[in-house]
Each structure stands twice: as C-alpha cells, then as structure tokens.
Amino acid sequence: MLYPIQNAIRNKLDLSGIWDFRIDPEARGKQDGWYNGLTESRPIAVPGSWNEQYEDLYTYLELAWYVTRTYVPSSWQGQRVFIRVGSANYFGTVYINGTQVGSHEGGHLPFALEITQLIRWDAENVIAISVENELKPTRVPSGNMVTALGAFGTVPRTTYDFFPFAGIHRPVVLYTVPQTFIEDVTVVTDIESTTGRVTITARLNEVVDMQGMVTLRGGTAPMTAGLSFKAGVATAEMRVSDARFWSDKDPYLYDLSITTDTDRYALPIGIRTIAVDGGQILLNGQPVLLNGFGRHEDFPASGKGLNLPLLVKDYQLMRWTGANAYRTAHYPYSEEEMQLADREGFLIIDEIPAVSLQFDTEENIAERLRMCLQQINELVVRDKNHPSVVMWCVANEPMPRNLRMAGAASTAQTEDPSVPLGKAFLETLLQRARDRDPTRLVTIVTLTGSPSSWVEQCDVICMNRYWGWYMLGGQLVEARAGLEQELDATWAQWHRPILLTEFGADTMAGLHGHPNVMWTEEYQADFIRMHLEVAATRSFVAGMQVWNFADFAAVQSIMRVGGLNMKGVFTRTRAPKMAAHVLREFWVKQ
Ligand code: GCB
C-alpha cells in the first residue's frame, strides 16, 4: 500500500473535484444501474463528508452513490492501472465502466483495486463509488448498540461522541505501476553512537530474481547499495556516519530512492529510535515529553474530508502552543497529515478506530476482533515508514460491562465476565501490532474505572482522565488531589511512563466568569494549568495531551451544546481560547 507517486515511470491522476451524488435509502441503485451514471444527482465535493454539504444529509448515514467521468492518458497503456480510494467511510464499493471491481470495509484506511482491463482508452470512463456508514454493533467503531443509554442516548446512535461523518474523505486517484513493480518497502532505522543504520527491505509484486539499487541522499554525499532480489525480496543495510537524527526539534529527512530494472520508488525517511526506560520515553536515547493534543479530523463544511490548508494551519497552531505530539484520536488520519508530521517534527500516537469497544455477545466480539486486526494490519502497512509515528494505539477507552462513571472510586468488578474477555481481546490486538512492527511502542488508552489489568502488556500507560470535569467538576482543588493520587498510584503499580492522553473541560468561547465557573474560558485555563503543574512535578509523566485541540462536531445529546464538543483550546474555526495561551506558557519555554 505504498503512497502513489508521480515519477519518470509511475503515473498518477487525482480525481478530486465535484462529483455527481445521490442518496439511495432504498438500496435500489445497484439493480437500477446507477454505476453507469446518475440520471438525477446533485453536486458533491470529493474529498469531503456529505453531512455538512447539505442540510438534509446531516444525519443521513445510509447508502449513497458518487459518480465521476475521466479520460485516462493514452501514454499509460502497457502499464498496470489501479484506482486508490484514500478513505470511504465506512464501506465503499467501486465500479468502473459498469463493472463492480471490489469493496472495502473500514472508514479510515486506503484501498487500491486493479482496473487495467476495464479502462476504455480514447474514451470517457465512468467511475462510481457507493458508500454507506450504517452504525452497527458489529462494526469498528460500533453503533446502534442495544444497551439502554438513558439520558446519554445520542443522535446518531454512536458509542462515541464525535460525529460519524460519512462519504469519500480522502482523494481518489488513478495510478500506474509497471508490470513488475515495487509493491512494498520497509525502512527500519537504528542508532550506534553517531552512526545511523538504515535497513531497507523491498518486495516486488512477483516472485522473481532481479537486481536493483537503493540511494540515500541528504548526507554529505549520496550513498548507494545494491539490492539483490531473490524470489521478489531484497534487503540492504546502509550505515550513515555522523547522521542527522530525526527528532521533534530537528525533523531532518533523508531521501531514499529505490530503482529496479523496471520501476522506481522514492520516499523521505528519518533516522531515529524510540524506546522506554522506567518512567521515560526515549527518542534517540534521550528523554522526550509527548506534549500536545488529542485531535479530530473535523472542520465546518468539509467534515472529515481532507482539507489541505487546514492541515498546514493546524500544524502552525500546534507549534504556536509549543506542542510536539498528538494522538490520531480516534482513527487513522490522512496520509498527507502523516507526511506533514514527518516534516514538521511531531510525535504521533497512531490509533485504529477501536473507540469504546464493548465485550458483549460472542458474535459481536468476533466480528469486531476481525475488523480491529484488519485495521492494525492495514495501518502498519500504511504508516510504518513515518518517523513521526512512534506508538500504535489499538483501542481508546474499551469498556467493561459494569463500568460506572460515578467517580474514580468505581473500579470494574473482577467478577464481570467482560473483564477477562476484554483482556484477551486487547492483548490479541497489542500482540498483533507488536508482531507487525517490533520497532515501535504499543498501547491502549483507558478510561476511568476500567480494569487495571487491561494495560499489563502496554509499553506506556495512557490514561484519559477528567478530574475537574466529569469527576469533581467545578472543584479544582479536590480534583487536583484526585489526579495526584491516581497518577502516583498508577506509577507505583506499573513503573512505566504515563501519558495523560485526555484531560479537558468544555468551554464556550467568549464566556467569561469571575469566579471561574465551569464552561468559562477562565475555568478551562485554570483546569489546564492545574493539570500541567501536577505533571511538571512527576518525572514519570511522559506527556500531557489536552482533549481537544479544537472544538469538533459531536452527536447531539444533552451533553453537547449545539452539536459540538467544546473542549477545544481552539474553536472549531481555530480561534484561540484563553487556555491556548496557558499551554504556551508551559510548553514554549521548555
Ligand atoms: C473521552 C473520549 C473522547 C470524548 C471525551 C469527552 O473520554 O475518549 O472521545 O470526546 O471523552 O469529551 O467526553
């Protein structure tokens, strides 16, 4: 699943633009041949969620059709042509010139399908993609659960609070590769004193022997090494003396290019290591704090659609706060986002969409396990060469059955059958991530009251805690004591680095108060200051990630004013609240 590139051999045609669109609530599009073109349609932006482009589509999550038409350059003949969809949330099916080519389940990871034989040369090609995002208990993330949620019931019925935006969220591209092509590249780096060791493994699409070469540029002089493919696989090792190591402070990238008799591929790489030691996370052997945010892909009108100016702006704003890290809560973000993180020097916790996993029926659990494992596999393949990605997170706030959100004193009952079920499930995911990538850290993110045994196999203890909001709201003195006590007890139990991956207070921008009551900007500022002070005196706290970077669209409920989660330190349109300045006080000077 290499990111498609344009070079002297490979080609790429981005189909982003305005497509034809039609919803299909009765699911008759397939039998009526909508893939040949829509007789009735309205315009829609690709990429983009449909929900905020049309008012009547706000809560529509069922089937819908996208159609566009394109010529394919004649110069591409003789090459293999693929269509690649960056993200179709949640289930996408692709048709080319009337033929169904394939489908993909899982809303945040790319898929590619070969369409060489279906191309019409010197004529228009009709490309149709049907997408649906129905909320089902068997899906990851899950929705429409049978559990009675009472006052916490939401519209739509998710198990999480971010809005379940639907549609084609990332570019759809056509790209070519030669008949025998470089199908996968894995780059692993290590450090020995001032030398960087770069191990490159390349795999061809065919089980053949062939000669190739790898070139690394960016050091004092370009370095090359031979790649001798045996049965389609070749490995080379390069030693870069006096290497410039990639870090959040100096995100230096080398250019790696691979050449075979038939193909070429290039990617930027960073030489770095990541490890833990006691209460610290080590980047290139040096302690580093992962300070920043939990975020969302979210903006008015574009929803979860790739929005390039927004990416650039968000990195600028994160830098302005002094942040150097974030978590891709609660699903993989766009590849463009990852590329920017490499370049800008952000340390990323890369998360699959396993939000609020529950351990209910055997059938649901089995289906979710299948999807979680699929998404770990796909995510690691997609993101394994990004130096910015330092940790895989395989679940956010998995929930035991007997969880009570009453306060920290509530711990899940050990006799709850979902506790051992959940432990086995989560450990299977952690193990899969480790097997697929032994070079990075692995974790799950927990919520208050979840069984402590679930984190046993994690490299880093990641905790979402709402001391001063959901617990002891409006009581920052008591909340501070609760937070201190819990952090110290957690350290005493695990002796591993602790990240507070979420802490936050809903705040209405422009609402002020003296005293600093909940929902005012003053309360959020004091709440965040309190948390950062507590962390500053504890060397085992390896980072603080505020929930959230910006206000974001939420499902409607009595918990969310105006359909927004307002825990952002920036508004949804990126105006800073007072709290953003507090972050600068703590983080910029470090
Ligand atoms: C959490 C969830 C996050 C929510 C947040 C909140 O623990 O992980 O998705 O948005 O709480 O604001 O309630």
Number of the condition not met by residue 316 [criteria: (1) over 29 Å from residue 459 (Cβ atoms); (2) under 27 Å from the mean Cα position of the chain (by Cα); (3) open to solvent by less than 20 Å² (accessible area, probe 1.4 Å); (4) free of Cβ contacts under 8 Å to residues at least 40 places away in the same chain]: (3)
Filtered residue count, the stretch 212-225, keeping only those that are open to solvent by 50 Å² or more (accessible area, probe 1.4 Å) and closer than 20 Å to residue 195 by Cα: 6
Among (1) within 23 Å of the chain's Cα centre (by Cα); (2) assigned to a strand (DSSP E or B), the one test that residue 134 misses: (2)
Enumerated strands (runs of 3 or more DSSP E) restricted to the stretch 227-284, each holding at least 2 residues that are crowded, with 19+ Cβ neighbours inside 10 Å: 233-240, 254-260, 264-269, 280-283
Selection within the stretch 285-299 - assigned to a strand (DSSP E or B) and over 24 Å from residue 541 (Cα atoms): 299
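How many residues are more than 14 Å from residue 298 (Cα to Cα) and not hydroxyl-bearing (Ser, Thr, Tyr) if we restrict to the stretch 549-582?
So the answer is 15.
Taking residue 89 as the residue in question, decide whether it is surrounded by fewer than 21 Cβ atoms within 10 Å (Cβ to Cβ) and in contact (Cβ under 8 Å) with a residue 12 or more places away in the chain.
Numbers: surrounded by fewer than 21 Cβ atoms within 10 Å (Cβ to Cβ): no; in contact (Cβ under 8 Å) with a residue 12 or more places away in the chain: yes.
Considered against the rule, which asks whether it is surrounded by fewer than 21 Cβ atoms within 10 Å (Cβ to Cβ) and in contact (Cβ under 8 Å) with a residue 12 or more places away in the chain, residue 89 comes out as no.
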Contacts under 8 angstrom Cβ, first residue in the stretch 335-364 being in contact (Cβ under 8 Å) with a residue 12 or more places away in the chain and among the basic types (Lys, Arg), partner assigned to a loop (DSSP other than H, G, I, E, B) and more than 16 Å from the ligand (Cβ to nearest atom), 6 or more apart: 343/251; 343/253
Number of the condition not met by residue 54 [criteria: (1) in contact with a Lys or Arg (Cβ under 8 Å, 6 or more places away or on another chain); (2) farther than 30 Å from residue 181 by Cα; (3) surrounded by 15 or more Cβ atoms within 10 Å (Cβ to Cβ)]: (3)
Among (1) within 15 Å of the ligand (Cβ to nearest atom); (2) over 23 Å from residue 448 (Cβ atoms); (3) in contact with a helix residue (DSSP H, G or I) (Cβ under 9 Å, 6 or more places away or on another chain) - the single one residue 562 does not satisfy: (3)
Close pairs (8 angstrom Cβ cut-off, 6 or more residues apart or separate chains): assigned to a loop (DSSP other than H, G, I, E, B) in the stretch 550-563, within 10 Å of the ligand (Cβ to nearest atom) and of a type in the set (Asp, Glu) anywhere: 555/161; 559/161
Residue that is least open to solvent (accessible area, probe 1.4 Å), among those in the stretch 469-483 that are away from the ligand (no atom under 16 Å from the Cβ) and in contact with a helix residue (DSSP H, G or I) (Cβ under 6 Å, 6 or more places away or on another chain): 476
Number of the exception - residue 502 against (1) open to solvent by less than 20 Å² (accessible area, probe 1.4 Å); (2) within 16 Å of the ligand (Cβ to nearest atom); (3) over 30 Å from residue 388 (Cβ atoms); (4) modelled with pLDDT of 95 or more: (3)
Qualifying residues in the stretch 438-459 (those that are part of a loop (DSSP other than H, G, I, E, B) and among the hydroxyl-bearing types (Ser, Thr, Tyr)) - the one nearest to the ligand (Cβ to nearest atom): 448
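Would you confirm, using the coordinates I've provided, whether residue 572 is open to solvent by 20 Å² or more (accessible area, probe 1.4 Å), more than 18 Å from residue 478 (Cα to Cα) and within 11 Å of the ligand (Cβ to nearest atom)? First the steps, then the outcome.
Details: open to solvent by 20 Å² or more (accessible area, probe 1.4 Å): yes; more than 18 Å from residue 478 (Cα to Cα): yes; within 11 Å of the ligand (Cβ to nearest atom): no.
Criteria not met by residue 572.
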Every residue from the stretch 114-131 that is in a strand (DSSP E or B) and open to solvent by 30 Å² or more (accessible area, probe 1.4 Å): 114
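Evaluate the following for residue 180: is it of a type in the set (Ser, Thr, Tyr), assigned to a loop (DSSP other than H, G, I, E, B), surrounded by fewer than 23 Cβ atoms within 10 Å (Cβ to Cβ) and at pLDDT 95 or above? Don't jump to the end; show me each part of the working.
Numbers: of a type in the set (Ser, Thr, Tyr): yes; assigned to a loop (DSSP other than H, G, I, E, B): yes; surrounded by fewer than 23 Cβ atoms within 10 Å (Cβ to Cβ): yes; at pLDDT 95 or above: yes.
It is true that residue 180 is of a type in the set (Ser, Thr, Tyr), assigned to a loop (DSSP other than H, G, I, E, B), surrounded by fewer than 23 Cβ atoms within 10 Å (Cβ to Cβ) and at pLDDT 95 or above.
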Qualifying residue in the stretch 300-309 (condition: part of a strand (DSSP E or B) and either in contact with a Leu (Cβ under 6 Å, 6 or more places away or on another chain) or in contact (Cβ under 8 Å) with a residue 40 or more places away in the chain (or both)): yes
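Residues 186, 201, 159: which one is open to solvent by 10 Å² or more (accessible area, probe 1.4 Å), within 16 Å of the ligand (Cβ to nearest atom), in contact with a strand residue (DSSP E or B) (Cβ under 9 Å, 6 or more places away or on another chain) and among the polar types (S, T, N, Q)? Let's see the steps before the verdict.
Values: 186 fails: within 16 Å of the ligand (Cβ to nearest atom); 201 fails: within 16 Å of the ligand (Cβ to nearest atom).
Exactly one of 186, 201, 159 is open to solvent by 10 Å² or more (accessible area, probe 1.4 Å), within 16 Å of the ligand (Cβ to nearest atom), in contact with a strand residue (DSSP E or B) (Cβ under 9 Å, 6 or more places away or on another chain) and among the polar types (S, T, N, Q), namely 159.
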Hits in the stretch 509-537 (condition: within 14 Å of the ligand (Cβ to nearest atom) and either open to solvent by 20 Å² or more (accessible area, probe 1.4 Å) or more than 19 Å from residue 464 (Cα to Cα) (or both)): 518, 519
Criterion (within 16 Å of the ligand (Cβ to nearest atom) and either under 22 Å from residue 440 (Cα atoms) or acidic (Asp, Glu) (or both)) met by exactly one of 352, 348: 352
Residue match in the stretch 322-329 (condition: more than 16 Å from the ligand (Cβ to nearest atom) and under 15 Å from the mean Cα position of the chain (by Cα)): yes
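The values are calculated or read from the model by the stated rules, or taken from the named source; none is laboratory data. A quick note: this is a predicted structure, and the numbers were derived from the prediction, not measured. For neighbour counting, all protein chains shown are included, and Cβ atoms are generated from backbone atoms with ideal geometry for every residue, glycine included. Note: accessible area is taken over every heavy atom of the protein model, side chains too, but ligands, DNA and RNA are not part of it. Shrake-Rupley method; radii C 1.70, N 1.55, O 1.52, S 1.80 Å.
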